[in-house]
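Below is one structure, written out as structure tokens; the observations come after it.
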Amino acid sequence: MGSIRYLTAGESHGKALVTIVEGLPAGIPISVEEIQNELGRRRLGFGRGPRMRFEKDEVTILGGVRFGRTLGSPVAIEIGNTEWPKWESEMSVGPGSSTKPLTAPRPGHADLSGMLKYGFSDARDVLERASARETAAKVAAGICAKKLLRYMRIEILSHVVSIGEVVVDPLLDPPWPGDLEAIDSSPVRCFFPDYEEKMVAAIKAAAKEGDSLGGTVEVIAIGVPVGLGSHVHWDRRIDGLFAQALMGIQAVKAVEIGEGFSIGRKRGSLAHDSITWDKESSNYKRVTDRAGGIEGGITTGEPIILRATMKPLATLNRPVIGTVDTKTKEETVSFKERTDVTAVPALGVVCESAVAIVLASEALRKFGGDSMAETIGNKDSFISNLDKTPSSAEALSANQSNHLEKR
């Protein structure tokens, strides 16, 4: 069965970002307005820099959609950069060279490693692609995946659980999909007002000192059916796919699934989720969700719970971290680009997209069809046949044996 893959291209201050999403079934409604709304969510958050006010996402769907619905062919989306006229000379694709090369790489950024790897003398050749601006293209791909998942009654939300040293009590009840509007209306995308105020205060204090803050977001996926992913190979385990997708986001340094880090401090008798049979729904249920909805690389049917931790941004408004000028080899301080105090609130929206792409891809691998109607029918058939006696696998095996014997 098929799966989704996507590719992005473009630089932070280039003319445009482009994403191509391949593998979407036919019949998914998608519009420029929906993509723009999702990109608007990516710009949310107290502590963002002035670029979020200047930057407007000019979205154009270049292919794969007709009359508002996907055609089953690759979907191509362009996100224009309204600031391009200011950068047309410095970022020209024609022959030439920079009049102001950047030679004081920022510690914590890809600058120096990229310069050494590719033999560049100007850090801009690295930072333009390493920039988190690329996540706009990821979010554009993500909304396509989210629309597919909504047809399958799967919803995804995110919220901030820490910024700096302000950490939400993990025992508080998490938000639900219906709470997403309230989360997005928070200046730091935190669901809990008491912590929201503390986070805003921490950002203000860091901004006053020209510093930056990192933090952690939680992503929750509701309605995910049992059976996505697989235990049979390392690269089919859905927990591994989630980890790669989240670690692939700029500045993310840690990923946690379920009770992840803390579960290693518990005894086995307290670490796992008891299984029960729910007569009302005729389904297996877990009493708790310490595993974050995944066991053995396969979804259990419980909510998927993931967390991603972002380091403080490497570009500071008051550069104080020592570096070396790559041209003179003299000690100096790193150069400064426009930056945020924190981008943790926006990280949640980007993580939603990364998780949606993995879930949509694995859902298509499991239930895939050429159209959404076929895909949904395949999913419903699978769900309706769960826990039949004899099992569907046993019945199939028996039918095949009988057929062979008759031959």
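Residues to consider are Ile305, Ile294, Ile321; find the one that is touching a Pro at 6+ places or on another chain (Cβ under 8 Å) and surrounded by 21 or more Cβ atoms within 10 Å (Cβ to Cβ).
Details: Ile294 fails: touching a Pro at 6+ places or on another chain (Cβ under 8 Å); Ile321 fails: surrounded by 21 or more Cβ atoms within 10 Å (Cβ to Cβ).
Answer to the selection: Ile305.
Anything in the range 297-317 that is aliphatic (A, V, I, L, M) and under 19 Å from Asp173 (Cα atoms)? List them, or say none. Within the range 297-317, Ile304, Ile305, Leu306, Ala308 meet the criteria. Residues that are more than 30 Å from the chain's Cα centre (by Cα), surrounded by fewer than 17 Cβ atoms within 10 Å (Cβ to Cβ) and among the β-branched types (Val, Ile, Thr) do not occur anywhere in the range 279-287. Within the range 92-123, the set of residues being within 25 Å of the chain's Cα centre (by Cα), outside any loop (DSSP other than H, G, I, E, B) and either more than 19 Å from Thr323 (Cβ to Cβ) or not acidic (Asp, Glu) (or both) comprises Ser113, Gly114.
Every residue, every condition in (1) at pLDDT below 95; (2) in contact with an Asp or Glu (Cβ under 8 Å, 6 or more places away or on another chain), yes or no:
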{"site": "Leu116", "(1), (2)": "no, no"}
{"site": "Ser121", "(1), (2)": "no, no"}
{"site": "Tyr151", "(1), (2)": "yes, no"}
{"site": "Ser158", "(1), (2)": "no, yes"}
{"site": "Leu171", "(1), (2)": "yes, no"}
{"site": "Gly178", "(1), (2)": "yes, no"}
{"site": "Ile183", "(1), (2)": "no, no"}
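Where in the range 283-398 are there strands (runs of 3 or more DSSP E), lying wholly inside it, with at least 2 residues that are basic (Lys, Arg) and out of contact with any Phe, Trp or Tyr (no Cβ under 6 Å at 6 or more places or on another chain)? Quick ask: steps written out before the conclusion?
Numbers: elements: 283-286, 304-310, 322-324, 331-333.
Those strands (runs of 3 or more DSSP E) span 283-286.
If you go through the range 130-161 and keep only what is of a type in the set (D, E, K, R), touching a Gly at 6+ places or on another chain (Cβ under 8 Å) and outside any loop (DSSP other than H, G, I, E, B), you end up with Glu134, Glu155. Apart from one condition, Ile203 fits all of (1) among the hydrophobic types (A, V, I, L, M, F, W, C); (2) under 17 Å from Thr342 (Cα atoms); (3) surrounded by fewer than 20 Cβ atoms within 10 Å (Cβ to Cβ); the exception is (3). Could you tell me how many of the residues in the range 243-282 are in a loop (DSSP other than H, G, I, E, B) and out of contact with any helix residue (DSSP H, G or I) (no Cβ under 8 Å at 6 or more places or on another chain)? Qualifying residue count, the range 243-282: 13. Between a residue in the range 141-152 that is closer than 12 Å to Asn37 by Cβ and any residue that is in a helix (DSSP H, G or I), which pairs come within a Cβ distance under 6 Å, given they are 6 or more apart or on different chains? Hits for this filter: Ile143/Glu34; Ile143/Ile35; Ile143/Glu38; Lys146/Ala356.
So in the range 313-362, with the set limited to residues that are of a type in the set (Gly, Ala, Ser) and over 15 Å from the mean Cα position of the chain (by Cα), which one is nearest to Gly229 (Cα to Cα)? Let's see the steps before the verdict.
Here is the first cut: in the range 313-362, the residues of a type in the set (Gly, Ala, Ser) are 314, 322, 334, 343, 346, 348, 353-354, 356, 360-361.
Next, only the ones that are over 15 Å from the mean Cα position of the chain (by Cα) stay: 314, 322, 334.
Values: Ala314: 35, Gly322: 45, Ser334: 43 Å.
Step by step, filter the range 313-362, then rank; the result is Ala314.
The set of residues in the range 103-122 that are aliphatic (A, V, I, L, M) and either in contact with a Gly (Cβ under 6 Å, 6 or more places away or on another chain) or surrounded by fewer than 17 Cβ atoms within 10 Å (Cβ to Cβ) (or both) contains only Leu116.
The values are calculated or read from the model by the stated rules, or taken from the named source; none is laboratory data. What you see is a predicted model, and the numbers here were worked out from it, not measured in a lab. All Cβ positions, even for glycine, are placed from backbone atoms using ideal geometry, and neighbour counts span all protein chains on display.
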